[in-house]
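A quick write-up on the structure given underneath.
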Amino acid sequence: MADRDSEILARLGPSVGSVEAWDSLAPADPFMARAFLALLEDSDSVGGHSGWTPAPILIDAPDGSLAAAAPAYLKAHSQGEYVFDHGWAEAWQRAGGDYYPKLQIAVPFTPVPGRRLLGSRSQALIAAAEAITVQNQLSSAHATFIDPLEVAEFEARRWLIRDGIQYHWFNRDYASFDDFLGSLASRKRKVIRKERAAAREGLEFVALRGTEIGPHEWAAMWRFYQDTGNRKWGRPYLTRAFFEGLGAALGDRVLLLLALHDGDPVAGALNLIGDDTLYGRYWGCDREIPFLHFELSYYQAIEWAIANGLKSVQAGAQGEHKLARGYEPVVTHSAHFLPNPDFRRAVAAFVEGERDAVRQELDLLRGMLPYRRSGSE
């Protein structure tokens, strides 16, 4: 296919793993690394009967080198995206259309904002996504958790921009966790200290990276992940092979925080490490211990980030309860292409109303942050 504006040819690859030059364009974000995306494919977490068919969009330079790329998938459902369009699907299908398959530019199962348009041909990549959608009579194309700097690229081609809210923690040059606590209002500090004391009673905590994580620890984390997945969304998305291969694929960019009782893991939180950000991904436990989720997923992550000089912690999607733990609301963005003009108008009205609601919620949430105000204790 060719972008009419630039006459640059685009093609679909069979998988990210087959694109050897992928990392020449990818940012430091571990989720966009070829090793991570290829592991999703090789472990059958995507492909097969998963409803995620890999279809990376690729653009070659005149000399045959890779000039631009985007991780794209043909989706047979709306699961594992964290930007919910089930209502759009129901409306389109009530009108007699087939919403699926749709085209999804995303990192599967990963609500982490970052670049989705790699290389120097962003407009051509977006045009290629449009061409794939129109030529194959798909209902829509979507790019989720895009970098804020990419919003203008999608707007230039009249994609609808949808906003959401996540909670991120920011390191303001804290020397220690106690230093961070000192930035909070007195009442909030006391609550966190009580939560940590209750969660840590009788337990030992360890932080393991890369090759330090052995088969026993991976088996435990797989068990924890299954338990959380079964309770939250019915069926865990990732396969056991994904967990077993993650340490080898990403090495020291993998951090596993474990709570031990008599030497055995009873809870774990899996994180990935970027250049300046710690990304919390999965948590689970064998037994219910008050505040242990907060300890492993939030407080231990903050403590590790401070000790290792990271600028922020992203602890996944949603979760207003993160506010009281020092995580701040931030706006996330997704982009949506709907070629049918009537469908686009209806969704555009919805998105505009939703954006106004997000702005109002953001103002409300910022007023609930636990940080000390100037001159107060």
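Read the figures in this text as sums done on the coordinates, not as results from a lab. Just so it is clear, the model here is predicted, and its values are computed rather than measured. Note: ideal-geometry Cβ built from the backbone for every residue, glycine included; neighbour counts use all protein chains shown.
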For the chain, what is the number of Lys pairs with C-alpha distance below 25 angstrom, counting only pairs 8 or more positions apart or on separate chains? 10
Using the Cβ atoms and a cut-off under 9 Å, what net charge is assigned to the surroundings of LEU181, where Lys and Arg are +1 and Asp and Glu are -1? +1
Along the Cα-to-C-beta direction of ALA61, a point sits 7 Å from the Cα; which residues of the range 15-44 have their amide N less than 16 Å from that point? 20-26
Just to confirm the number: angle between the C-alpha axis of helix 215-232 and the first principal axis of the chain, 0 to 90 degrees, nearest 10? 70
Using θ = phi - 60° and Karplus 6.51 cos²θ - 1.76 cosθ + 1.60, couplings along the range 52-67 (whole Hz; Gly, Pro as x): 10, 9, x, 8, x, 8, 10, 10, 9, 6, x, 7, x, 6, 6, 9
Nearest-0.05 FRET efficiency for ASP275 and ASP44 at R0 = 30 Å, using Cβ-Cβ distance, is 0.50
Protection proxy ranking, peptides 137-143, 318-324, 365-371, average beta carbon neighbours within 10 Å, highest first: 137-143, 318-324, 365-371
How large is ³J(HN,Hα), in whole Hz, for each residue of the range 102-118 in order, when computed from phi with the Karplus curve 6.51 cos²θ - 1.76 cosθ + 1.60 and θ = phi - 60°, using x for Gly and Pro? 10, 9, 10, 9, 5, 9, x, 6, 9, x, 10, x, x, 5, 10, 10, 9
Between GLU361 and GLN135, the FRET efficiency computed from the C-beta separation at R0 = 30 Å comes out, to the nearest 0.05, as 0.20
Around ALA26: net Lys/Arg minus Asp/Glu count, Cβ-Cβ under 9 Å: 0
Just to confirm the number: angle between the C-alpha axis of helix 186-200 and the first principal axis of the chain, 0 to 90 degrees, nearest 10? 90
Which value in nm describes the separation of the simple spin-label points at ALA219 and ARG157, placed 7 Å from the Cα toward the beta carbon? 4.8
What is the spin-label model distance, in nm, from ARG287 to ALA248 if the labels are put 7 Å beyond Cα along the C-beta direction? 3.4
